[in-house]
Amino acid sequence: MSLREQFMGWKPKLWAGWRPNGVGEQKPNHYRDIARVAWANRAHPAYAYQVLTRGACDGCSLGVAGLHDWTIDGVHLCTTRLDLLELNTADAIDPLVLSDLAPLRSRTGGQLRALGRLGHPLRRRRGEAGFRRVSWDEALSVLAVGLRATTPDRTALYLTSRGITNETYYVAAKASRALGIANIDSAARVCHAPSTVGLRQTVGVAATTCSFQDVIEAPLVVLWGSNPANNQPVFMKYLYLARKRGCRVVVVNPFLEPGLARYWVPSNVESALFGTKMCDLHVPVRPGGDVALANAVLQRLIARGAVDRAFVDAHTEGFDEVVTALAGEDTDHLLALAGTDRPTLESFVDELARAGGAIHVWSMGITQHRGAADTVRGIVNLALAQGAVGRDGVGLMPIRGHSGVQGGAEMGAYATALPGGLPVDADHATALATSWGFPVPDRPGLTAPEMVEAAGRGDIDVLWMSGGNFLDVLPDPRAVEAALGRVPLRVHQDVVVTRQMFVDGDDVVLLPVATRYEQEGGGTETTTERRIVFSPEIPRRVGEARSEWRLFADVVNRVRPELRPAFSWPDNADLRREIAEVVPLYAGIETLADTGDAVQWGGRHLAAGGVFPTASGRGRFTPLQPAEPRVPAGSFVLSTRRGKQFNSMVHHQVDPITGAGRDAVFMDAADASALGVKGGARVRLRSETGSLDCTVTLARLPARTLQVHWPEGNVLIAGGPDHREPQSKVPDYNAVVTVERLGPAGPD
Ligand code: SF4
């Protein structure tokens, strides 16, 4: 945006207030944060500058190369990216620091990251006080011997999204299958796995159907259970630009996140000065009430004749069954299940009817529930009813929080998909075996939570993890720790130290790996809008850290040397050529070689013109039965929320948007009053899994609904098969809890 454009077309009616830059308001101070990050990266400022100006961001999934993206003219930068910068400029840890774990065990994840980069292969046998430095040869021999000594079904491989590139995911996916291992999974499991299931069954493809340009052109954006102000900050700039063009915004969430009510876009003069009102309507749905809400909304769209019948007739199937099912449902009962009221419902329907379609954006508030896949189907029903797929300004957007999750699943680093997102079955495994030249397992493997449960039963001999931290990410950390401790050989390859590395085991090996920027030959990521984005190598040596795509290939070469020709790429341009051949969806990846190079698979719209990639070519409606809440008298439904963090990496102890500390429990004033507590009171939450001491933070929430920060709240969340979405296996990160007051009622 030019200087002239910055000062044109201001819209005072959208301003959040008159105080310059919201001074005195509870809000982030982006300019102070930038100064803090500059100081934190003072050891290698030139390298930090190169990462920012040439690299593809290793933060969330919006995607940016250097300081520019493919949607807006101005600068694309946020504090999440800046906070992550330290990982890319830190120096290697002296291995002696890890030779005695006793003083390190009580440190937080942030304090461990502050130690620096993992720079050398390390090994710790049972009974040893800490890790000792070993050679790469010894470290890889331990892993190779371990893999050869067991069977593939007793081996599991997990990859996080920590800046991991498509190239690494692809080689990991190929390596695991070459070793006969079906048990490979990645971070996509615990975030959007239900979106994958729900979208594939209804619109035929597990990806966002539109582009970010459509957000800017949208008449209406509906945010379901997502908080981009915290998790994809530059999305707020897209929303700001959209609102200047007249876009309206509906927030469907138990809590109207302050950052979604109003936001100060730091790179825009008008918004930075006066803030921007971001929300036109808040629909306060209770956790798990979204299917009931979607049903009620569809009922009313039908009753008001606000359905696009021409689109429905020409491009969809199953609508009549849904109409019949909805006819039998009482709207008031649906509203009771949703936890909202009729005026709010009618206002929501007004917005949809007036706009004639919307971009529906959703995230973990939708997916991390037992009924998540149904909720996704409910959102799809609304989009199909309005023909809001496959054209400008509308669409379905499961927004991703990590730059690696879309590509991880599409490269086949996923228990339930082969490269290209193809189903794991005999036909697809046979076809892939022909391409790769070795047999490929033809059954799905263990998902991330199932790997840990298998470990707990003593059914896993080798657990090989690239990044990730099951202790933080999965429910019930005590059970996770016990399960990890039963695995005879664990190998953790990572850029930093995490707490799970300290769990005792017979043999634990740490492998230091390169960041995406240090990766030999650079690499690509896939953004939420399906854009495959290149990030060049920005050379830097940190200790003995190695590129992961080489590392996975080396392990296969040690365990199955006869497969060496299939794992011997001279450089990763060769690797990208292979990806383009094996995964036709990624055609064009082989042409990417510099900052800004990108190719968007599927083009701006999927299902363009109403032609869906389903067997029938039609989008599919789904009749849905909302779940009845099961909350015993005197108990509360607890869900998890995010603060100033990047996934499980907590960056700040106080969320600058809400002002809440990490130990906060968000509670409605009416519930607090009934409990005899005020804001600031200390309380103990108890679930069937554990307990957590918290400080009450008052917030407007549906009755008997609480929120605590994740991952701290995982101690209250149950694991196991009964506590996850049955098809996608995503854990249900919600719990039923009781609240007990600790000490005084709270400050007066
Ligand atoms: S919004 Fe996401 S992609 Fe953009 S700079 Fe921030 S973390 Fe990176």
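Looking for whichever is without any contact (Cβ under 8 Å) to a residue 40 or more places away in the chain and buried (at least 22 other Cβ atoms within 10 Å of the Cβ) here; the options are Ala580, Ala514, Ala587, Ala545. Which one fits?
Working: Ala580 fails: buried (at least 22 other Cβ atoms within 10 Å of the Cβ); Ala587 fails: buried (at least 22 other Cβ atoms within 10 Å of the Cβ); Ala545 fails: without any contact (Cβ under 8 Å) to a residue 40 or more places away in the chain.
None of the others qualify; the one that does is Ala514.
Going by the conditions given, is Val559 under 30 Å from Leu122 (Cβ atoms) and open to solvent by 20 Å² or more (accessible area, probe 1.4 Å)? Steps first, answer last, please.
Details: under 30 Å from Leu122 (Cβ atoms): yes; open to solvent by 20 Å² or more (accessible area, probe 1.4 Å): yes.
It is true that Val559 is under 30 Å from Leu122 (Cβ atoms) and open to solvent by 20 Å² or more (accessible area, probe 1.4 Å).
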Residue pairs meeting the criteria (Cβ under 8 Å; at least 6 apart or on separate chains; first under 13 Å from Pro95 (Cα atoms), in the range 124-146; second open to solvent by 80 Å² or more (accessible area, probe 1.4 Å)) | Arg124/Arg132
Gln6 fails exactly one of the following numbered conditions: (1) within 16 Å of the ligand (Cβ to nearest atom); (2) surrounded by 13 or more Cβ atoms within 10 Å (Cβ to Cβ). What is the number of that condition?
-> (1)
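Which residue, of His369, His360, is modelled with pLDDT of 95 or more, under 24 Å from the mean Cα position of the chain (by Cα) and surrounded by 24 or more Cβ atoms within 10 Å (Cβ to Cβ)?
Details: His369 fails: modelled with pLDDT of 95 or more.
Testing whether each residue is modelled with pLDDT of 95 or more, under 24 Å from the mean Cα position of the chain (by Cα) and surrounded by 24 or more Cβ atoms within 10 Å (Cβ to Cβ) leaves just His360.
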When both residues are 6+ apart or on different chains and their Cβ atoms are under 8 Å apart, which pairs have a first residue that lies in the range 27-40 and is touching a residue at least 12 places away in the same chain (Cβ under 8 Å), and a second that is open to solvent by 50 Å² or more (accessible area, probe 1.4 Å) and of a type outside the set (Gly, Ala, Ser)?
-> Val37/Glu86; Ala40/Glu86
Between a first residue in the range 55-79 that is closer than 22 Å to Glu537 by Cβ and a second residue that is within 8 Å of the ligand (Cβ to nearest atom) and charged (D, E, K, R), which pairs have beta carbons less than 7 Å apart while being 6 or more apart in sequence or on different chains?
-> Cys57/Arg81; Gly59/Arg81; Gly63/Asp69; His76/Asp69
Which condition does Gly24 not pass, out of (1) surrounded by 13 or more Cβ atoms within 10 Å (Cβ to Cβ); (2) away from the ligand (no atom under 13 Å from the Cβ), if it passes all the others?
-> (1)
Select from the range 65-91 the residues that are open to solvent by 40 Å² or more (accessible area, probe 1.4 Å) and closer than 22 Å to His651 by Cβ and write down the one among them that is nearest to the ligand (Cβ to nearest atom).
-> Leu77
Answer yes or no: is there a residue in the range 294-317 that is under 17 Å from Leu396 (Cβ atoms) and under 20 Å from the mean Cα position of the chain (by Cα).
-> no
Here are some conditions: (1) touching a helix residue (DSSP H, G or I) at 6+ places or on another chain (Cβ under 9 Å); (2) modelled with pLDDT of 95 or more. His709 meets all but one. Which one does it not meet?
-> (1)
Residues located in the range 640-651, provided they are within 15 Å of the ligand (Cβ to nearest atom) and under 17 Å from Arg36 (Cβ atoms) | Lys644, Gln645, Phe646, Met649, His651
Within the range 663-689, of all residues that are closer than 25 Å to His723 by Cα and assigned to a loop (DSSP other than H, G, I, E, B), the one most open to solvent (accessible area, probe 1.4 Å) is Glu688
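Test Ser347 against the stated conditions and say whether it is of a type in the set (S, T, N, Q), under 24 Å from Phe235 (Cβ atoms), out of contact with any helix residue (DSSP H, G or I) (no Cβ under 9 Å at 6 or more places or on another chain) and open to solvent by 10 Å² or more (accessible area, probe 1.4 Å). First the steps, then the outcome.
Values: of a type in the set (S, T, N, Q): yes; under 24 Å from Phe235 (Cβ atoms): yes; out of contact with any helix residue (DSSP H, G or I) (no Cβ under 9 Å at 6 or more places or on another chain): yes; open to solvent by 10 Å² or more (accessible area, probe 1.4 Å): yes.
Taking the combined requirement at face value, the residue satisfies it.
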Output for the range 725-739, where each listed residue is over 16 Å from the mean Cα position of the chain (by Cα) and in a loop (DSSP other than H, G, I, E, B) | Glu725, Pro726, Gln727
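Considering only residues that are assigned to a strand (DSSP E or B) and open to solvent by 10 Å² or more (accessible area, probe 1.4 Å), look in the range 615-638 and name the one that is farthest from Val737 (Cα to Cα). Give the steps one after another, and end with the answer.
First pass over the range 615-638, keeping only residues assigned to a strand (DSSP E or B): 619-620, 636-638.
Still in the list and also open to solvent by 10 Å² or more (accessible area, probe 1.4 Å): 620, 636-637.
Working: Arg620: 37, Phe636: 5, Val637: 6 Å.
Taking the candidates together, the pick is Arg620.
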Apart from one, (1) part of a helix (DSSP H, G or I); (2) surrounded by 15 or more Cβ atoms within 10 Å (Cβ to Cβ); (3) within 16 Å of the ligand (Cβ to nearest atom) all hold for Gly146; the odd one out is (3)
Just one of the numbered conditions (1) under 26 Å from the mean Cα position of the chain (by Cα); (2) free of Cβ contacts under 8 Å to residues at least 60 places away in the same chain is not true of Leu592; which one?
-> (2)
Would you call Thr316 surrounded by fewer than 20 Cβ atoms within 10 Å (Cβ to Cβ) and of a type in the set (Val, Ile, Thr)?
-> no
When residues of the range 562-577 are limited to those that are open to solvent by less than 40 Å² (accessible area, probe 1.4 Å) and small (Gly, Ala, Ser), the one nearest to Ala144 (Cα to Cα) = Ala566
Listed residues Ala431, Ala448, Ala415; which is in contact with a strand residue (DSSP E or B) (Cβ under 9 Å, 6 or more places away or on another chain) and farther than 23 Å from Arg154 by Cβ?
-> Ala431
Of all residues in the range 272-293 being over 18 Å from Thr331 (Cα atoms) and in a helix (DSSP H, G or I), the one that is nearest to the chain's Cα centre (by Cα) = Ala272
Could you check how many residues of the range 384-414 are among the small types (Gly, Ala, Ser), crowded, with 24+ Cβ neighbours inside 10 Å and over 21 Å from Arg531 (Cβ atoms)?
-> 2
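Filter the strands (runs of 3 or more DSSP E) completely within the range 485-548 down to those with at least 3 residues that are under 22 Å from Val64 (Cα atoms), away from the ligand (no atom under 16 Å from the Cβ) and touching a Leu at 6+ places or on another chain (Cβ under 7 Å).
Counting at least 3 such residues, we get no strands (runs of 3 or more DSSP E) at all.
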With respect to the numbered conditions (1) within 25 Å of Leu159 (Cβ to Cβ); (2) touching a residue at least 60 places away in the same chain (Cβ under 8 Å); (3) of a type in the set (Gly, Ala, Ser); (4) out of contact with any Gly (no Cβ under 8 Å at 6 or more places or on another chain), which one is the sole condition not fulfilled by Gly456?
-> (2)
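Go through the range 639-653 and give me each residue that's touching a strand residue (DSSP E or B) at 6+ places or on another chain (Cβ under 9 Å) and outside any loop (DSSP other than H, G, I, E, B). Can you show your working first?
Filtering the range 639-653 down to residues touching a strand residue (DSSP E or B) at 6+ places or on another chain (Cβ under 9 Å) leaves 639-645, 650-653.
Hits for the range 639-653 are Ser639, Thr640, Arg641, Gln645, Val650.
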Would you point out which residue out of Phe612, Phe552 is touching a residue at least 40 places away in the same chain (Cβ under 8 Å), assigned to a helix (DSSP H, G or I) and buried (at least 20 other Cβ atoms within 10 Å of the Cβ)?
-> Phe552
Filter the range 38-64 for residues that are within 16 Å of the ligand (Cβ to nearest atom), part of a loop (DSSP other than H, G, I, E, B) and either within 20 Å of the chain's Cα centre (by Cα) or charged (D, E, K, R) (or both) and give the result.
-> Cys57, Asp58, Gly59, Cys60, Ser61, Leu62, Gly63, Val64
Of the residues in the range 102-143 that are over 25 Å from Glu548 (Cβ atoms) and assigned to a loop (DSSP other than H, G, I, E, B), the one that is most open to solvent (accessible area, probe 1.4 Å) is Arg126
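The values are calculated or read from the model by the stated rules, or taken from the named source; none is laboratory data. No experiment lies behind these values; they were computed from the predicted model shown. Virtual Cβ from ideal backbone geometry, glycine too; neighbours counted across all protein chains shown. Please note that ligands, DNA and RNA were not included when accessible areas were found on the heavy atoms of the full protein model with its side chains. Shrake-Rupley method; radii C 1.70, N 1.55, O 1.52, S 1.80 Å.
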